[in-house]
Amino acid sequence: MDVSQYLEIFIDETKEHLQSLNEHLLILEKEPDNENTINEIFRAAHSLKGMAGTMGYKRMQRLTHDMENVFSEVRGGNMKVSSELVDILFRGLDALENYLANILESTEEGTEDNEDIINALNNILKGGVGGSQETETKVATNTATANIVAQATKDDKHKYKNIKLEEHEINAIKKANDMGLNVVGLTVYIQESCVLKGARAFMVNRTLEEHGEIIKLDPSAQDLEDENYDLDYSAFVITKDTPEILAKAAANVSEVKEVVADIYQLSEVDKAIVTASNEAMKKQKAKSGKVPTAKKSVKQVVNRSVRVDIEKLDVLMNLVSELIIAKNGLISVSSESDIMLDSAYHEQIEYLERITTNLHESVMKTRMVPIESVVNRFPRMIRDLTKKLNKNMELYMTGEDTELDRTVIDEIGDPLMHLLRNAADHGLESNEEREKVGKNPVGSIFLDAYQEGNNVVIEVRDDGAGINVDKIRNKAIDKGSITEEQAERMSDKDIIDLLFQPSFSTAEEVSDVSGRGVGLDVVKTKIEALGGEIEAKTKLGEGTNFIIRLPLTLAIIQALMVNIGTEKYALPLGSIQTVENILISSIKKAQGKEVINLRGNIIPIIHLNQILDCEKLEVAEEEDANELLVVIVKKGERYAGIVVDKLIGQQEIVIKSIGKYIKCPKIISGATILGNGEVALILDVNTLV
Amino acid sequence: MVEEAKQYIIVKLGEDPYGIEIKYIESIIVMQKITRVPKAQSYFKGVINLRGEIVPVLSLRKKLGFDEVEDTHATRIIIVRLEEQGAAIGIIVDEVKEVISLAGSDISKLNYDDKNDKATYSLGIGKFGDHLINILNISAMAEQDKQN
């Protein structure tokens, strides 16, 4: 049978199960007696095994099976959770992740058998069970009783007779009997070779529903769908038809081996229960007089979320962008003609504007994913690092529910991982050193995410030794990155910024974990590519804090439209502080650069028309020759003043890529389409600061 | 071996005819307002808005090393797309003439010097009636500008 259509679902769910296993294993290591956790682990491992088996990934199935055995022993209380055990289980999870990676690449699981992990698991299993004679006998007797039960039911294929019914179900049966309808009990046997038991059960049930109403399924409908059953299950159906008709209809579904059915008779005990409680029910019965619909009891809890392919959301986002461009078009047409005078038209335009803004927000929100999906793998990573680096440390995370655009989420994982590794390896001192200076020997790393205005801020902080600014200064001089003279003039902050320069690692020794000289610069590049920025703060002896600021959305932003020469440019509003009229006479020269003194801040002046090779606007120059229009932008702690010729106004713009054919300077971050169809370039003023 | 005939669009720069294989061409549009991109390659005139898509536009005259002329009413932008889902690129020509069919045997390859990159833009010379048509290697022209 072709299962390729399920591959995507398989991959998604496997990822989820693996993540859940990772998280719960970490909890289990700390709280070995947490019953919920071990149950959750067991459930995830079991589903994983089932799914891998269904998809025909035998190696994956085998490994999960052996891991499940271990979980089962832990659940039964026959095995203690030790650090070694968790290590091996984590190795198992890693191996499963490798299988998944292979499947992602080629739909094949690969040929790695992971014998060593399986052996290790089996050894533990032997050791754990063999260690206590008592448990072994207990297990033995357990299986013995199970056998007896199996024996008892084996003779009678009508397994449904042994099922205990709930009170409301008995009630329903009784009412059906009163109305002269048949209550048929069935047990359906599926062929051993069946690949999709869940689907078969579903088809059988649908067939049964054509004849009547299913009031009970054992196992439950959810379990059937999840394939949590052996090869048979039972159902109770209220119907007008005879048991034979039902059995025949059900048996007609392919891959069904056998169906046994008969009229179900309530036992005397059951009847007694019903009569006892019936008094209360009578009123209700009189009102409705109807058999409770079976669907109600069968209906599963429907998850209120939908999986959507990210591409579909991209299409939706593009359409919203088009709509906003069209709206801008309408506005620009109306402002050029006399239509503007018509107030009704004006109102409608405003209404349209509100709708597009809301629509944009809604679509944006659907694209938002909690940062949790990225950061939830970090606790595991820190645990591994603890062992690898032989440093005790704890990771504290807050704000995992902070949301970011999906495209950002996909990209932010690596930089964050890098920063955390850095913090663990270089940031934190060794346990002994920490003790010597009177700190808690266990180091702390913090990962905090929160929203701040239109930005999402992620901080990676450690309580380690902090960055030794003088060390960096000396190293930069040694490396020839800066001259001694420059070093003198640079502030501590400037020096710390040197860390983000390519090939600048302060770790004295290159370790396996980090410090190969490709590091912070890569982090910085990546974050800037996402439209964000990063800065570092440090205090010697107290720790280092890396602060990442990311824009909430990438596709549509508010911008200030300006004229430079004859050309129109868009400046993202987010980085703009104020717009000032500056007297030309107040511009001073400092170190060959033009600066102004704005309310105590010395701000360098940048002439955009020179950078962009714009033609000078001759006429405007005449009018206000003694004043300049300066847009003040801020990046981190630094300011710059950008000279523009004219302000056009604020506008919502859609960012479009300029393509890979045309070479453009870094300052141009993209282009946008204006209301009149013209293209305006978007300037990333941050590159100027 | 007889190669199948391919269709080419004949464009003109001044009096000289050039051929562009039709399979690359998405559309031909009249001159548009072009937004200049500072510091771009000199032959790129800038970008245009093609039905919501930002498309870079280059001057074929400049690309081939000729002097530029004033735009006329015959000036056209040829929109080519090398890959189905890839980015488009606009090529400004003086005039678009006609569509012709040329068999492979009608095109004689040039023996050119590898170092002369202007020559790599040519796939060969096609003979059509009395005319000699320089067949342009559009993908080579575009690949050169592609940045990774």
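The values are calculated or read from the model by the stated rules, or taken from the named source; none is laboratory data. If you're wondering where the values come from, they're calculated on a predicted model, not measured in any experiment. Neighbour counts run over all protein chains shown; Cβ positions are idealised from the backbone, glycine included.
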Just wondering, is there one or more residues in region A:500-510 that are at pLDDT below 70, in contact with a Lys or Arg (Cβ under 8 Å, 6 or more places away or on another chain) and either over 17 Å from A:Gly466 (Cα atoms) or in a helix (DSSP H, G or I) (or both)? yes
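The rows are residues; the columns are (1) crowded, with 17+ Cβ neighbours inside 10 Å; (2) in contact (Cβ under 8 Å) with a residue 24 or more places away in the chain; (3) aromatic (Phe, Trp, Tyr).
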| site | (1), (2), (3) |
| --- | --- |
| A:Arg380 | yes, yes, no |
| A:Asp401 | no, yes, no |
| A:Leu416 | yes, yes, no |
| A:Glu432 | no, no, no |
| A:Ser444 | yes, yes, no |
| A:Val456 | yes, yes, no |
Pairs only if they're at least six apart or on different chains, beta carbon under 7 angstrom, first in region A:318-329 and surrounded by fewer than 15 Cβ atoms within 10 Å (Cβ to Cβ), second of a type outside the set (Phe, Trp, Tyr); list them, first residue then second. A:Glu322/B:Gly52
Every listed condition ((1) within 14 Å of chain A (Cβ to nearest Cβ); (2) touching a residue at least 60 places away in the same chain (Cβ under 8 Å); (3) not in a loop (DSSP other than H, G, I, E, B)) holds for B:Ile78 save (1)
Examine region A:334-353 for a residue that is under 19 Å from A:Gly675 (Cα atoms) and in contact (Cβ under 8 Å) with a residue 40 or more places away in the chain, and state whether such a residue exists. no
Among residues belonging to region A:673-689 that are outside any loop (DSSP other than H, G, I, E, B) and within 19 Å of B:Ala40 (Cα to Cα), point out the one that is nearest to the other protein chains (Cβ to nearest Cβ). A:Val679
What are the residues in region B:105-132 that are under 18 Å from B:Glu4 (Cα atoms) and either at pLDDT 80 or above or part of a strand (DSSP E or B) (or both), if any? B:Ser105, B:Asp106, B:Ile107, B:Ser108, B:Leu123, B:Gly124, B:Ile125, B:Gly126, B:Lys127, B:Phe128
Could we say that A:Lys164 is among the basic types (Lys, Arg), modelled with pLDDT under 75 and surrounded by fewer than 16 Cβ atoms within 10 Å (Cβ to Cβ) here? yes
Complete set of residues in region A:634-672 that are at the interface with another protein chain (Cβ under 9 Å from one of its Cβ atoms) and closer than 17 Å to B:Ala87 by Cα: A:Lys656, A:Ser657, A:Ile658, A:Gly659, A:Lys660, A:Tyr661, A:Ile662, A:Lys663, A:Cys664, A:Gly670, A:Ala671, A:Thr672
Checking B:Ile20 against (1) away from chain A (no Cβ under 14 Å); (2) in a loop (DSSP other than H, G, I, E, B); (3) among the aliphatic types (A, V, I, L, M); (4) crowded, with 16+ Cβ neighbours inside 10 Å, the condition it does not meet: (2)
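Taking the condition of being basic (Lys, Arg) and at pLDDT 85 or above, how many residues in region A:345-376 meet it? Show your work before the answer.
So the first thing to find is which residues in region A:345-376 are basic (Lys, Arg), and the list is A:354, A:365, A:367.
This time we only want the ones that are at pLDDT 85 or above, so: A:354.
The number of residues fulfilling the criteria is 1.
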Taking the condition of being charged (D, E, K, R) and either more than 31 Å from the chain's Cα centre (by Cα) or within 18 Å of B:Lys45 (Cα to Cα) (or both), how many residues in region A:667-689 meet it? 1
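Looking at region A:338-358, can you tell me whether even one residue there is hydrophobic (A, V, I, L, M, F, W, C) and within 27 Å of the chain's Cα centre (by Cα)?
Within region A:338-358 (the criterion being hydrophobic (A, V, I, L, M, F, W, C) and within 27 Å of the chain's Cα centre (by Cα)), the answer is no, since none of the residues qualifies.
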Would you mind telling me which numbered condition in (1) within 13 Å of chain A (Cβ to nearest Cβ); (2) surrounded by fewer than 19 Cβ atoms within 10 Å (Cβ to Cβ); (3) polar (S, T, N, Q) B:Thr72 fails? (1)
If I ask for residues that are touching a residue at least 12 places away in the same chain (Cβ under 8 Å), touching a Lys or Arg at 6+ places or on another chain (Cβ under 6 Å) and within 18 Å of B:Gln85 (Cα to Cα), which ones from region B:22-56 would you list? B:Glu26
Within region A:420-433, identify whether any single residue is modelled with pLDDT under 80 and assigned to a loop (DSSP other than H, G, I, E, B), and answer yes or no. no
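Give the residue, chosen from B:Val47, B:Val37, that is closer than 30 Å to A:Leu319 by Cβ, modelled with pLDDT of 85 or more and in a loop (DSSP other than H, G, I, E, B).
On the way: B:Val47 fails: in a loop (DSSP other than H, G, I, E, B).
One residue alone meets the criteria, B:Val37.
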Suppose we keep only residues that are among the β-branched types (Val, Ile, Thr) and assigned to a loop (DSSP other than H, G, I, E, B) within region A:650-672. Which one would you say is farthest from A:Pro572 (Cα to Cα)? A:Ile662
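Here is a check on your reading of the model: is B:Gln32 within 10 Å of another protein chain (Cβ to nearest Cβ) and polar (S, T, N, Q)?
Values: within 10 Å of another protein chain (Cβ to nearest Cβ): yes; polar (S, T, N, Q): yes.
So B:Gln32 fits the description; yes.
Can you confirm whether A:Ala44 is closer than 24 Å to A:Phe378 by Cβ and either of a type in the set (Phe, Trp, Tyr) or in the same structural domain as A:Asp116 (by TED's automatic domain parsing) (or both)? Can you show your working first?
Values: closer than 24 Å to A:Phe378 by Cβ: yes; either of a type in the set (Phe, Trp, Tyr) or in the same structural domain as A:Asp116 (by TED's automatic domain parsing) (or both): yes.
Yes; evaluated as a whole, the condition is true for this residue.
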